Amino acid sequence: MQVISTPQEFNQDDLYVDLDAITGHPLFLKCEGFNFAGSIKLKAATAMVAAAERDGLLTPGSVLVESSSGNLGVALSMIAASKGYHFVCVTDSRCNLATRLLLEALGSEIHIVTEPSPTGGLLGARIDHVRALCASDDRYVWLNQYANPNNHRAHSRTTAPAIARAFPDLDVLFVGAGTTGTLMGCARYFRTWHRPVRIVAIDTEGSATFGHTPSRRMIPGLGTSIRPPLLDTSYVDDVVHVNEAETIRTCHQLARHGFIFGGSTGTVVSGATQWLARQDQPLTAVAIAPDLGERYLETVYQTDWVQDLYGEDVLQPQTVTASA
């Protein structure tokens, strides 16, 4: 029996879904959505808060502030509530309603940015807002998930070793690219592992992370309008970009098999399927699912929302397997 006193102590690292029957390729999905925060972001949030406390940056009376599209905000809300900190989450209009309601239930303050920065899009505008808050009051402490090394260190210590234990013959790991904390943490760990593992980053079309021109993205989680400072492309073997219509189709296909995952997972599974379809030999492959799908019921899984943004044909029956 495991007895815990705070939400960040809970960790379930050994749940995988075999997607072979759905995708047509051997692929195991590591499910990260079963902790109290509902996403993999609890790991990074815990590590960043602990480091800030050790370094004396976060003290009683401090106000945590962070830019987040949703999941990290929820994780920090839980930690802040358990530790007695006030938390301000700076998000934008794409943040799911369910996520905003959860942030409010946890006692957090939400600032919603609606106008993009001329150079950095909505992410740039969120970061500008955070900087303005910090300049206005010394109590504000910005963990800065985009540049904080404890973001990727959390996954070098937890996520990657758990995958290595479960799959000692791992050939390829698929990781979605957001802040790139999970991607860099896993890539750095497997670079020094006892056997080669290919690291394939999955990004969304319209993201500037790997040098593409930023454009409209409506599904929060993956992709950025500014290249993440944490990213070191020398650790990445390949990159697959997935359009959001394919993300939607993949999420709905998984749901038809009983699995409700978030938009990021739909993107990762779609990209992994595309990549595996181009290989000429079977591989031991794992993909990381950052969260579950309950927070996306009013967006990704809502027919009117989907058809308004992506057209009436987007939900026509198709298989997950995409063209190479």
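What percent antiparallel are the DSSP beta bridges of the chain, to the nearest 5?
Around 15 percent of the beta bridges assigned by DSSP in the chain are antiparallel ones.
Sort the following peptides by mean Cβ neighbour count (other Cβ atoms within 10 Å, averaged over residues), highest first: 56-69, 77-90.
Answer by packing, highest mean first, reads 77-90, 56-69.
Would you list 54, 249, 153 from the most to the least accessible area, probe 1.4 Å?
54, 153, 249
Within the P(r) computed for the stretch 94-217, what percentage of the Cα pairs occupies the region above 23 Å?
Counting every Cα pair in the stretch 94-217, those more than 23 Å apart make up 49 percent.
Taking only Cα atoms of the stretch 16-154, what ratio of Rg to Rh do you get with Rh as the Kirkwood inverse-distance radius?
We get a ratio of 1.03 for the stretch 16-154.
How high is the FRET efficiency from residue 260 to residue 104, r the C-beta distance, R0 30 Å, rounded to 0.05?
The formula returns an efficiency of 0.85 here.
Please compute the Kirkwood hydrodynamic radius over the stretch 144-223, one decimal place, Å, based on all pairs of different Cα atoms.
13.4
Considering only protein heavy atoms, what per residue accessible area in square angstrom results for the chain with a 1.4 angstrom probe?
Per residue, the chain has an accessible area of 42 Å².
In the chain, if every C-alpha pair distance is counted and binned at 10 Å from zero, what percent goes to each bin?
6, 28, 37, 23, 6, 1
Leaving ligands, DNA and RNA out of it, work out the accessible area of residue 91 with a 1.4 Å probe and give it in Å² to the nearest 10.
Accessible area, nearest 10 Å²: 0 Å².
Regarding the stretch 202-324, what are the three Cα extents along the principal axes, ordered largest first, in Å?
Extents along the principal axes, in whole Å: 41, 36, 24.
Measure off, as a whole percent, the carbon and sulfur share of the 1.4 Å-probe accessible area of the chain, all protein chains present.
50
Let me know the charge dipole size of the chain about its Cα centre in debye, to the nearest 20, where only the beta-carbon of Lys, Arg (+1) and Asp, Glu (-1) is charged.
720
I'd like the per residue volume of the convex hull spanned by the Cα atoms of the stretch 35-99, given in cubic angstrom.
For the stretch 35-99, the hull spanned by Cα atoms encloses 79 Å³ per residue.
The values are calculated or read from the model by the stated rules, or taken from the named source; none is laboratory data. Treat the numbers as computed from the prediction; the structure is a model and nothing was measured. Cβ sites come from the backbone with ideal geometry, for glycine too, and all protein chains shown count toward neighbours. The protein model used for the area step is the full one, side chains on, heavy atoms only, and it has no ligands, DNA or RNA in it. Shrake-Rupley method; radii C 1.70, N 1.55, O 1.52, S 1.80 Å.
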